[in-house]
1. What is the packing order of peptides 75-82, 127-134, 157-164, taking the mean over residues of other C-beta atoms within 10 Å and listing the highest first?
2. Could you sort the peptides 213-222, 136-145 by per-residue average Cβ neighbour count (10 Å cutoff), highest mean leading?
3. For the chain, give the share of DSSP beta bridges that are antiparallel, in percent and rounded to the nearest 5; count only bridges with both residues there.
4. What are the extents of the Cα atoms of segment 86-139 along their three principal axes, listed from largest to smallest and rounded to whole Å?
5. Using a 1.4 angstrom probe on heavy atoms only, work out the carbon and sulfur share of the accessible area of the chain in %.
6. In Å², and per residue, what accessible area does the chain have when probed at 1.4 Å with the other protein chains present?
7. Show me the ranking of peptides 223-231, 197-205 by mean Cβ neighbours inside 10 Å, starting with the highest.
8. For the chain, modelled as a Gaussian network with Cα springs under 10 Å, which listed residue fluctuates most, E93, E58, E121?
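The values are calculated or read from the model by the stated rules, or taken from the named source; none is laboratory data. All values derive from a computational prediction rather than experimental measurement. A quick note on method: Cβ atoms are made from the backbone with ideal geometry, for glycine too, and the neighbour counts reach across all protein chains shown. Accessible surface is based on the protein model in full, side chains and every heavy atom, while ligands, DNA and RNA are left aside. Shrake-Rupley method; radii C 1.70, N 1.55, O 1.52, S 1.80 Å.
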Amino acid sequence: MSENIENRPGRIFEITAVSNPRIKSIKALAQKKNRDQGGVFLVEGMKLVRDAFENGWEIETLIYAATTNDSAQVTELAAKLRVAGADILEVNEKVLSSITRRDNPQMVVGVMRQNWQRAPEKIKNPSSVWIALDRVRDPGNLGTIIRTADSAGAEGIILIGETTDPFSLEATRASMGSIFNVPLVRMGVPEFLKWRISWEGMVVGTHLEGATDFRTIDYQSESVLLLMGNEQQGLPDDLAATCDKLALIPMHGAADSLNLAIATGVMLFHMGKKLPPIES
Ligand code: SAM
């Protein structure tokens, strides 16, 4: 590692060795236990790092390859982040590839602090929709749901039980930057069932044995908590029992269910709570 060039606010380092201890600890963030321990995660690419910064997320370290074609933009971003307190690591492509585990890595990677929110309280606004996901397993599904929730104007997502990590590289990639715009809350099942009592709107669960066609529900007069089941097992009985309605999306063909992220998108855009009015 080169000498620390300047001291405050963030510091600048030039690193060329994959074996550098700081690079090793950044690479270790590929594992959830290390992300949880440090309360941080990795984000790849100029756009995502910039989105995070503009949405007020705390960026601890910016790692970039000095040879990038976007170097003017990168230098500008690095300068801003440094003022905000981030350390800047100038590395080569080999070091970046070792961090992202890709042959043609994005030229910019950020290490940022995870951001978990508190559960929402007393949401009465009928145009509000929150999503609750039961034990979502697939990071691509979770990232896609975060992106879809953002596009549909959902207020946030509650992750119930043991779920895949929204801060994995795969989930953040699939969220396409929306992870920085959608509040995330996590809860165990007992905590969720207790909190649910205070939810003043309607709770709509989606279920393959749902008794109500999703098109027949009035979503407009109350705020909605949309509860989606696990990819393999669907909603367990205790969560299904806490719903005011169990909605079925009727299907053609041989498939026995929709993909979780698709089903979430169908429900959100059917409700259309925050969509702009149709232009005439
Ligand atoms: N084998 C699972 C089951 O028995 O429920 C399939 C789960 S499905 C892949 C994941 C979740 O998406 C479901 O728990 C439900 O919340 C939602 N979902 C998928 N297709 C649906 C449909 N046609 N109607 C209602 N909900 C659906």
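1. 127-134, 157-164, 75-82
2. 136-145, 213-222
3. 25
4. 52, 28, 18
5. 48
6. About 50 Å² of surface per residue is accessible.
7. Answer by packing, highest mean first, reads 223-231, 197-205.
8. With Cα springs under 10 Å in the chain, the top fluctuation among E93, E58, E121 is at E121.
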